[in-house]
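The structure appears right after this line, and notes come after that.
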Amino acid sequence: MKRLIRWYLFLFLLLVLAGCGGSNATPTMTPAPVVTGVAAAGSPLVGRVFLKDSSIPAKELSMPLAPDGSFQFNLNGLTAPYILRAVGKSSGHIFALYSFAPTAGIANINPLSSLAVTLAYGSDNLASIYSSTDAVGMQTITRALGDAIITVQTALRPTLVKFGAESVNFLSAPYVANHRGIDLFLDNADISISNGIVTLSDLTANSSVPTTLSGFVVGTFDFIPNPVTSAGTVRIFPASASINTGASVTFSSRIIGSDNQGVIWRVVEDGGGSITSSGVYTAPATSGTYHVKATSVADPSRSASVSIVVNAANIIMIVPTATPGEFSLIAENFSGIGGVEITITYDISVLANPRITQGAMLAGTMFFQNTRYTANSVKVTAASINAINGSGNLATVSFDLVGAVPSTPFISQYKLAKVSPPPTGPGSGSPAPDQPPAPSAGGSVPSSGGAGTAPI
C-alpha cells in the first residue's frame, strides 16, 4: 500500500514540474500573412508594385521592386481578396501588368497573369477595377480565376510546350527570372490586351496574331516556331531589304531577354553604304548586295546580320509582248519621278503606223503622245505632281507589221525629272497646272532593246 502511495506521489510531482516548466516556455508566434511574387516580362520589371485590398475604403500598399523583380506585402490589417499592379520597364519596354491574390500566398505579375485576370473579370479594363476596387468585381475574379488560368494554359499549350512550361501555374507557382521555362517564353513573347483584342506577338520574328477575348477562350495558338530563341540573341527587323541606289531604309533591333537593348550598327562591306547609330541605312550609288550588322553592347559576342539588295534606280526598258508588233515600255525601280520624256526609234522597213496606249504606271498623270515625232520615232511624255515610284508598265507601243522579220524598237533618248517640293517663302509661286516638271539632263541608248538609266 505504501509503495502505491509513493508511486502516485511521484506522478503528482512530475505533473507539477511539467506545469512549472510550461509556464517558462516561449510562446509560439504565428507569422504575419503575406503576398509575395515576382514581377517580370521575361526580364524582371524595374519599377514599383502596388496592392489594394477589399476594405471599404480600400487600403493600398506599394513598394519598389527588388532587382530580381520580387516583392512581399505584409497583409496585417488588410482584407482579402487583393488586386496587384506593377508598373516598370523590362527589356527596354514599359509595362503595366496585373495579378490577383484571393488569399495570402504567391501572386506573380506578368503578361500571362494580366491575361488571366482579364478573363476572370470579363473585361480588359483592369485599371478601372484597380482604381475603384469594385467589391462585386473582386468577388467575380476570385470565383473565376482558377478556370481563367486553365484557359490560358490550354489556349497557349501548343506554344508553351516548346518551353516545357505547359503545366506551370504562371500566377501562383514560385517564379524565377532565369531565362528558362516560363520565363524564356516571356523573353520570346509579348501578350497585350486592348479594346477586347488579345495580341500574341513573337518578339523574335516581329510578328503578331490578334484575336478577340472570346476567340482566345475557345482557340489554341501556336505563334512561336521551333527552335525557340535563347536569351541574349540579337534580332534585326526587317530581316532583309531591297532598295534603290541612294535610297534609305530604317532597321530596328531587339535583344531577346535583355534589359540592355543597345547595339552598335555597321555596314560590313567597304563602300556598301552607311548606317546611323539609330539604324538608318543609306544605299551607295553602286548596285549590289550588302550587309548590315548589329552587335550587342552588353555582350559583344552576340550579333546579327541582314542582307540588303541595292538595285539600280530609274531604269527604262522596251520589251516585246506576246502579241506580234506590240512592245511594252517598262519602268524599273522608279523613285520620286515627276516627269518622263522618252523617244522610241523603230525600223520603218518592218514596222509602221505606231499607236501608243497609256500604261498603269502613268495612270493619273498628264499623258502626251506623239506618234509622228519624226519619220521613224515616237515620243511619250507624262508629268505628275505626285511621285511616280516602283516598277511597271509606262506605255504600250503597237505597230503594223510590214516586214517578214519584225525588229524591236529602241529607246533613243529619254529625260526624267524628280518631283520638286512645293516652293515656300515670300513670293513663291506655283507652276501652271498643265506645265510638266522640267526634265533633267537625259541620255540615249543607241542599241536595240536597250535600257536607259536617268542621271538624276
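Straight-distance candidates among the aspartates and glutamates for linking to Lys59, with alpha-carbon spacing under 15 Å and chain neighbours fewer than 8 residues away dropped: Asp134.
Aspartates and glutamates within cross-link reach of Lys418: Cα-Cα under 14 Å, excluding same-chain residues under 8 positions apart? Correct list for Lys418: Glu341.
Each residue, Ala363 and Ser192, gets one label point 7 Å from its Cα in the Cβ direction; the gap between the two is 3.4 nm.
Sorted from largest to smallest, which semi-axis lengths in Å does the alpha carbon gyration tensor of region 299-341 give for its equivalent ellipsoid, taking the root of 5 times each eigenvalue?
39, 16, 5
By the gyration tensor of its Cα atoms, with a ≥ b ≥ c the square roots of the eigenvalues, what is the shape of region 76-179: rounded for a/c under 1.5, prolate for a/b over b/c, or oblate?
Because a/c hits 1.5 or more and a/b exceeds b/c, region 76-179 counts as prolate.
Applying a threshold of 28 Å to the alpha-carbon distances of Lys89/Lys293; Lys89/Lys162; Lys293/Lys415 flags Lys293/Lys415 as lying beyond it. DSSP bridge analysis restricted to the chain gives an antiparallel fraction near 95%, rounded to the nearest 5. Just so you know, the averaged projected area of the alpha carbon convex hull for region 234-311 sits at 4.5 nm².
Shown for Phe327, Phe223: other C-beta atoms within 10 Å of each C-beta, ranked fewest to most, produce the order Phe223, Phe327.
Estimated purely from DSSP H runs of n ≥ 4, each contributing -39500 (n - 2.57), the mean residue ellipticity at 222 nm for the chain is -5500 deg cm²/dmol once divided by its residues. Relative to its Kirkwood radius, the Cα radius of gyration of the chain gives an Rg/Rh of 1.29. As an equivalent ellipsoid, region 239-282 spans semi-axes of 22, 11, 9 angstrom, where each value is the square root of five times an eigenvalue of the C-alpha gyration tensor, largest first. Candidate membrane-span-like segments in the chain, meaning DSSP H helices with Cα atoms spread over at least 24 Å of their own axis and a Kyte-Doolittle mean of 1.0 or above, are 2-23, with no membrane implied.
The share of C-alpha pairs in region 34-218 whose separation exceeds 25 Å stands at 27 percent.
Here, each number is a calculation from the coordinates, and none is a lab measurement. No experiment lies behind these values; they were computed from the predicted model shown. Here Cβ is always computed from backbone atoms with ideal geometry, including for glycine, and neighbour counts include all displayed protein chains.
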